[in-house]
Amino acid sequence: MSATQQFGRVCEVVVGKIVTTGGKAIGQGISISSPFRIQFEITKTIGRTPNTAKILLYNLTPDHEAQIGGEFTDVLVNAGYAGSGGPLLIFRGSIKHASFYAEGPDRITEIAGADGDKDFRNAIMNLSLAAGTSTSQMVDHIVGSFDTTTRGAITIDDVKRTRGRVLTGNSRDILDGIAADSNAHWSIQDGELQIIPVDSTLPDEAIVMRSDTGMLSAPELNDKGIKVKSLLNPRLKVNGKIWLNNNDLKAQIAKAKATLPGQKTPSKKKVAQQFRRLDPDGIYKLFKVFHKGDTRSPDWFSESSCLALSQTEIPAGRSP
């Protein structure tokens with residue numbers, strides 16, 4: 001998505017009940033968009049812990065507040081740009097709790113959402129599997145224990161078990177074992193279960209990150225990998241990939257070598273470790289995405305945390 005397409009912010013929050021039709025999540029309830037003010041902070045990671053959303057809606061009607069505080073259970077957030085065809089899904093989840101309060105002249109509805117939280121906490125298994133059961137079949141049984149989460153991208157090897165097995169206990173714990181055996185991460189992303197190997201990504205095309213495609217500042221190297229800030233981009237997905245210009249990263253490392261007042265010059269060992277974070281082709285795997293938006297302020301950006309595929313440092317089955 002070029003910078004010329006990133007204009008005309010659009011955002012829609014649907015609160016009610018989410019249904020899946022034709023593979024697409026659709027919210028059935030009330031839809032809040034312009035001219036209402038909407039703020040959101042959405043955090044998605046590659047780990048098993050449910051993704052979260054904090055959503056603030058301004059000056060809703062008393063009837064809508066009552067519905068959100070009572071009968072409605074799900075929330076869906078779409079955001080993007082009018083210039084690129086409208087908003088896209090950036091969060092789908094259940095409402096953990098909602099609160100209502102006044103701030104100055106405004107009445108605010110604050111929603112705390114979590115993606116797949118109920119299935120993560122409540123789903124259990126009690127099933128005996130025969131010899132020859134494949135990994136894919138095991139995953140299908142686990143998905144069958146969920147109320148709302150469906151099967152998404154599962155790209156681990158489909159191995160058949162030579163012996164029978166009993167699956168009993170929390171579904172999340174059984175998924176931990178499958179992920180560890182496959183050197184993979186599992187997570188729930190917008191209502192879909194994903195299991196992706198540590199050294200692999202979703203099959204989507206890499207998103208190009210440059211100043212002319214929305215990158216807002218030079219990529220930042222830190223102890224956890226590489227962080228990139230850009231204009232809000234709903235196409236950024238954990239387990240997806242972005243393309244960065246390695247020359248920009250190398251220039252940042254070279255700049256860090258310079259001695260600044262009160263700071264020490266990085267050791268050669270540390271600089272070498274930083275260079276090892278770079279992928280030869282500039283392709284990096286996303287392990288965390290943070291979206292922040294406000295329809296009435298400058299906040300409208302995404303922060304992507306990523307690692308070179310050959311140098312991933314997140315242990316399989318663990319949260320980042």
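Bear in mind these aren't lab numbers, they're just calculated from the coordinates by the rules spelled out. A quick note: this is a predicted structure, and the numbers were derived from the prediction, not measured. Cβ sites come from the backbone with ideal geometry, for glycine too, and all protein chains shown count toward neighbours.
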Completion exercise
Expressed in angstrom and rounded, the centroid-to-centroid distance over alpha carbons for the stretch 183-199 and the stretch 71-117 is 24
Practice task
Using a 10 Å cut-off on Cβ atoms, rank the peptides 141-148, 111-118, 217-224 from the highest mean neighbour count down.
Solution key: 111-118, 141-148, 217-224
Exercise for the section: Compare the peptides 83-91, 124-132 by average per-residue count of other Cβ atoms within 10 angstrom and give them in order, highest first. Expected result: 83-91, 124-132
Problem - Separation between Cα centres of the stretch 130-155 and the stretch 291-310, rounded to whole Å - result: 32
Practice task
Quick one: order 238, 166, 159 by neighbouring beta-carbon count within 10 Å, fewest to most.
Solution key: 166, 159, 238
Problem - Spin-label model distance (nm) - residue 165 vs residue 134, 7 Å beyond Cα toward Cβ - result: 1.5
Practice task
List, in the order given, every pair from 160/237; 44/237; 44/96; 250/288 whose Cα-Cα distance in the structure shown is over 20 Å.
Solution key: 160/237; 250/288
